[in-house]
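Inspection log for the structure reproduced underneath, given as structure tokens.
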Amino acid sequence: MSTNNTYLAVFIGDASGSRRAAWDALPEDQRRAKEREGVTAWKAWVEKHAGDIVSMGGPLGKTKKVSPQGIADISNHLGAFTVVRADSHEAAARLFDKHPHFSIFPGDSVEVMPVMPIPGG
């Protein structure tokens, strides 16, 4: 994958945060309706930005931390990822403005960062 104008977008959410608690407190029928609305909006976002998406990525599962101390189960706020291409960091970030992850679903934010070339590569 070329790193030119390539950006990693990480979808952030706190499973124990207030936005998630409010989502979980919704009556089942209201939550299901919001889920359908969110899926429809997310699909529309993908269609609108299909030419910008390098890798759709996907949801992230349980996390294992590997360190000098060994391997351990941990939790974090990383929920999903997507890789996009844009003319600038600002333009890449703007792709996620009002994204359904946080405008409909209870996600907190999308963090966008450039993918840098491997040093000496």
TODO: Would you confirm whether any residue within region 91-105 is out of contact with any helix residue (DSSP H, G or I) (no Cβ under 9 Å at 6 or more places or on another chain), under 14 Å from T6 (Cβ atoms) and open to solvent by 90 Å² or more (accessible area, probe 1.4 Å)?
DONE: no
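Listed here are the residues, each with its yes/no results for (1) outside any loop (DSSP other than H, G, I, E, B); (2) more than 16 Å from the chain's Cα centre (by Cα); (3) more than 14 Å from V110 (Cβ to Cβ).
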residue: F11; (1), (2), (3): yes, no, no
residue: A15; (1), (2), (3): no, no, yes
residue: R20; (1), (2), (3): yes, no, yes
residue: R31; (1), (2), (3): yes, yes, yes
residue: T40; (1), (2), (3): yes, yes, yes
residue: W45; (1), (2), (3): yes, no, no
residue: V54; (1), (2), (3): yes, no, yes
residue: G58; (1), (2), (3): yes, no, yes
residue: G61; (1), (2), (3): no, no, yes
Open item on the list: For region 89-115, give me the residue count where each residue is in a loop (DSSP other than H, G, I, E, B) and touching a residue at least 24 places away in the same chain (Cβ under 8 Å).
Closed with: 9
Open item on the list: Testing A50 on (1) in a helix (DSSP H, G or I); (2) more than 14 Å from the chain's Cα centre (by Cα); (3) of a type outside the set (D, E, K, R), one condition comes back false. Which one is that?
Closed with: (1)
Open item on the list: Of all residues being open to solvent by 50 Å² or more (accessible area, probe 1.4 Å) and of a type in the set (S, T, Y) in region 23-81, which is modelled with the lowest pLDDT? Just the residue, please.
Closed with: S75
Open item on the list: Among the numbered criteria (1) open to solvent by 90 Å² or more (accessible area, probe 1.4 Å); (2) assigned to a helix (DSSP H, G or I); (3) among the aliphatic types (A, V, I, L, M), which one does I118 miss?
Closed with: (2)
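Looking at V84, V54, V10, which is the one that is in contact (Cβ under 8 Å) with a residue 40 or more places away in the chain, among the β-branched types (V, I, T) and in contact with a Ser or Thr (Cβ under 7 Å, 6 or more places away or on another chain)? Full working, then the answer.
Working: V84 fails: in contact with a Ser or Thr (Cβ under 7 Å, 6 or more places away or on another chain); V10 fails: in contact with a Ser or Thr (Cβ under 7 Å, 6 or more places away or on another chain).
Of the residues listed, the single one that is in contact (Cβ under 8 Å) with a residue 40 or more places away in the chain, among the β-branched types (V, I, T) and in contact with a Ser or Thr (Cβ under 7 Å, 6 or more places away or on another chain) is V54.
The values are calculated or read from the model by the stated rules, or taken from the named source; none is laboratory data. These numbers were taken from a predicted model, which means no experiment stands behind them. Heads up, the Cβs are rebuilt from the backbone with ideal geometry, glycines too, and the neighbour counts pull from every protein chain shown. Side chains are part of the model used for accessible areas, which takes the heavy atoms of the whole protein and leaves out ligands, DNA and RNA. Shrake-Rupley method; radii C 1.70, N 1.55, O 1.52, S 1.80 Å.
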